[in-house]
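Asks: Next up is a structure, given as structure tokens.
The values are calculated or read from the model by the stated rules, or taken from the named source; none is laboratory data. Everything quoted here is computed from the prediction, not taken from an experiment. Neighbour counts are summed over all protein chains in view; Cβ atoms, including those assigned to glycine, are modelled from backbone coordinates with ideal geometry. These area figures cover heavy atoms from the full protein model, side chains too; ligands, DNA and RNA do not enter into them. Shrake-Rupley method; radii C 1.70, N 1.55, O 1.52, S 1.80 Å.
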Amino acid sequence: MNCRECAEHLYEYLDRELTPELERELRAHLDECPPCGEHHDFEALFLKFVRARCRAQGAPPELRRRILRELFEE
Ligand SMILES: [Zn+2]
């Protein structure tokens, strides 16, 4: 797995939607690539924050995910 693939699958990884094989590859990449590891830590923290807020507001999962994607594409 390279950095681009890692970034592409990061959300699915955080949502635990990857196949076990992809998840293993992504985790291996995070271990050996410090920039991606930091990226992951940041996204994980941010996701936790957004989830807590969205849960409080009762946002449906699809909407929540769209908001996240839009935020990070900017
Ligand atoms: Zn990387």
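Asks: Residue check, Leu68 against (1) away from the ligand (no atom under 15 Å from the Cβ); (2) open to solvent by 100 Å² or more (accessible area, probe 1.4 Å), all met but one. Which one?
Replies: (2)
Asks: Filtering segment 2-48 down to residues that are outside any helix (DSSP H, G or I) and more than 8 Å from the ligand (Cβ to nearest atom), which residue is least open to solvent (accessible area, probe 1.4 Å)?
Replies: Here the residue is Leu18.
Asks: Within the bounds of segment 47-57, is there any residue that is of a type in the set (Val, Ile, Thr) and modelled with pLDDT of 95 or more?
Replies: No, there is no match, as no residue in segment 47-57 is of a type in the set (Val, Ile, Thr) and modelled with pLDDT of 95 or more.
Asks: Among (1) away from the ligand (no atom under 15 Å from the Cβ); (2) under 15 Å from the mean Cα position of the chain (by Cα); (3) open to solvent by less than 50 Å² (accessible area, probe 1.4 Å), there is one condition Cys54 misses while meeting the rest; what is its number?
Replies: (2)
Asks: Here's another thing I want to ask about it. Pairs under 6 Å by beta carbon, first residue within 10 Å of Cys6 (Cα to Cα) in segment 27-52, partner open to solvent by 30 Å² or more (accessible area, probe 1.4 Å) and assigned to a helix (DSSP H, G or I), six or more apart or different chains?
Replies: Final answer for the pair search is Leu30/His40; Cys36/Cys3.
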